[in-house]
Amino acid sequence: MGNAAHERHPFHILQRLLQAKNVSVIEDDCPNRTLLRKALYGATFGSIMHKSDDTRIYVHSQAYSCKMGTMKSEAEAGQIALKEERHQYILELLGSEGRVLAADLSSRYRVSEDTIRRDLRELASSGKIQRVHGGALPRRAEAIPFVSRQQIDMESKIGIARAAADMIRDRQVVLIDGGTTNLRIASYLSRERSATIVTNSPPLALALADHPNLSVLMLGGNFLKEERVTTGIETIRRVESIRADLCFLGMCSLHPEVGITVGDREEAYVKQAMIGVSTEVVGLISLGKMGTSLPYLVGPASRLTRLITDASDEDVLNPYRSQGIDVTST
């Protein structure tokens, strides 16, 4: 490389700028901005101050690699070039907006739709998202049998169940559907409490059998063995004949945009009926199930009046509060 070309090399330009006595600020209108930014691939810079005369030089923190004579345009410099970075941005966008479209992602990140489709396929194969035609939804929760779920998040379920049991008042009619968290409500319900519990969960009905002051109404119907609940038209008709003060809804999946979803269509119908006849609907869910989805929609998250969860991160909880849902964090 000749001396002239050597002097134009971006690292030498940077070195000369840093050594200059009279340079004040490298602003966005600086002609060497892109050159400097590209020269420092992967580095992060804040500001550099010459203590002797308080001269300050700002260097942009976003950097891209390049070869002399083949530098990218300003539009190209803004694109997210690394696959890992695109994947992270896609997941963050999906978390905030609830769904993403390949065409929108292509325009936003200035890459081809084929590239975005490959990104979405890779994210889906790793279980991080749910791929759908034209885009993606939040990751699909895994449907786990009742017996296995009893051993998961036990401490979280105890705190959630305690808070739920404390909400029940004398002379109330309370609907409680299936689920391992709902089952634990029986352990923390005051034996002085006098109320009517209506449930489609045989395990819960049995757990309440020795409670001295409770009336327990068991909803009949088709028995789902893995979920340990009754479903079907008979169950729904019985639910629709009730006017409940309070409903505790067990949830396998919840997302602020997608809503309340479950893995069985018949169970979704029963939950819809329970919501429809209840004055107050309380969702019980642990952090691991939030931000996920399953195939069958029960309804929007806004159908809940309260959410009881072990989640404490405000970024996770605020999207529900913004929909008018009271949130209790255990």
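The values are calculated or read from the model by the stated rules, or taken from the named source; none is laboratory data. Note that the structure is a prediction, hence the values are computed from the model and not measured. Glycine also receives a Cβ, built like all others from the backbone with ideal geometry; neighbour counts cover every protein chain displayed. The accessibility values were calculated without ligands, DNA or RNA, using every heavy atom of the protein model including side chains. Shrake-Rupley method; radii C 1.70, N 1.55, O 1.52, S 1.80 Å.
Which percent, to the nearest 5, of DSSP beta bridges fully inside the range 250-301 are antiparallel? About 75 percent, rounded to the nearest 5.
Rg and Dmax, both from the Cα atoms of the range 208-289 and both in Å, are 13.5, 42. Accessible area per residue was computed with a 1.4 Å probe on protein heavy atoms; Asp170 scores about 60 Å². Given a Förster distance of 30 Å, report the FRET efficiency between Leu297 and Arg162 from their Cβ-Cβ distance, rounded to the nearest 0.05. FRET efficiency, Leu297 to Arg162: 0.50. Among the trypsin sites (Lys or Arg not before Pro) found in the range 156-263, those both in a DSSP coil and sparsely packed, with 13 or fewer other Cβ atoms within 10 Å of their Cβ, are Arg169, Arg171, Arg191, Lys225, Arg243.
Extension gain, Asp313 to Arg121: 0.36 nm times the residue separation minus the Cα-Cα distance gives 66.2 nm. The label-point distance for Tyr188 and Ser322, in a model that sets each label 7 Å from Cα toward Cβ, rounds to 2.9 nm. The residues packed around Ala103, meaning those with a beta-carbon under 14 Å from its beta-carbon, carry a net charge of 0 if Lys and Arg are +1 and Asp and Glu are -1.
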